[in-house]
Amino acid sequence: MPEPIALPEQTAQQVERLGPLDFIVGITSGNHAETIGGVVQAAWTGLERSFPGARVAIVHADSGSRDGTVERAAAAMPGERLVQVSTSAATPL
């Protein structure tokens, strides 16, 4: 089993800001600017349709994309329900 890692402080604050949640969806990416918006939007829409009124969030773990992936993910859904984390440098975006 892998060693647990501590979240960077800024990421931990983003997670705490969300408060209690019913569902969390995790999405990983790496230089997927052309498709990430649709993936995030589909996940968000699916959560809203399938679990109306539920407290939900999406965690986007990016591997250090340099093609606009992070920005497109952020534009695809309400920012207060999206936590973005960079896995390449272990620092939040």
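The values are calculated or read from the model by the stated rules, or taken from the named source; none is laboratory data. Computed from a prediction, not measured in an experiment: that's the story for all the values here. Don't worry about glycine lacking a Cβ; one is built from the backbone with ideal geometry, like all the others, and counts go over all protein chains shown. In case anyone asks, the SASA skips ligands and DNA or RNA and just uses the protein heavy atoms, side chains included. Shrake-Rupley method; radii C 1.70, N 1.55, O 1.52, S 1.80 Å.
List of remarks:
- Residues located in the range 33-72, provided they are within 14 Å of the chain's Cα centre (by Cα), assigned to a loop (DSSP other than H, G, I, E, B) and not hydroxyl-bearing (Ser, Thr, Tyr): 64
- Here residue 18 meets the list (1) open to solvent by 90 Å² or more (accessible area, probe 1.4 Å); (2) out of contact with any Pro (no Cβ under 7 Å at 6 or more places or on another chain); (3) touching a residue at least 60 places away in the same chain (Cβ under 8 Å) almost entirely, failing just condition (1).
- Positions within the range 49-70 being surrounded by 15 or more Cβ atoms within 10 Å (Cβ to Cβ) and not small (Gly, Ala, Ser), in sequence order: 56, 58, 59, 60, 62, 69, 70
- Pairs with Cβ under 7 Å, 6+ apart, first in the range 34-61 and closer than 18 Å to residue 74 by Cβ and modelled with pLDDT of 95 or more, second open to solvent by 70 Å² or more (accessible area, probe 1.4 Å) and part of a helix (DSSP H, G or I): 36/72; 37/72; 37/75
- The lone criterion from (1) open to solvent by less than 80 Å² (accessible area, probe 1.4 Å); (2) closer than 19 Å to residue 70 by Cα; (3) of a type outside the set (D, E, K, R) left unmet by residue 46 is number (2).
- Condition check for residue 26: open to solvent by 30 Å² or more (accessible area, probe 1.4 Å), small (Gly, Ala, Ser) and assigned to a strand (DSSP E or B): yes
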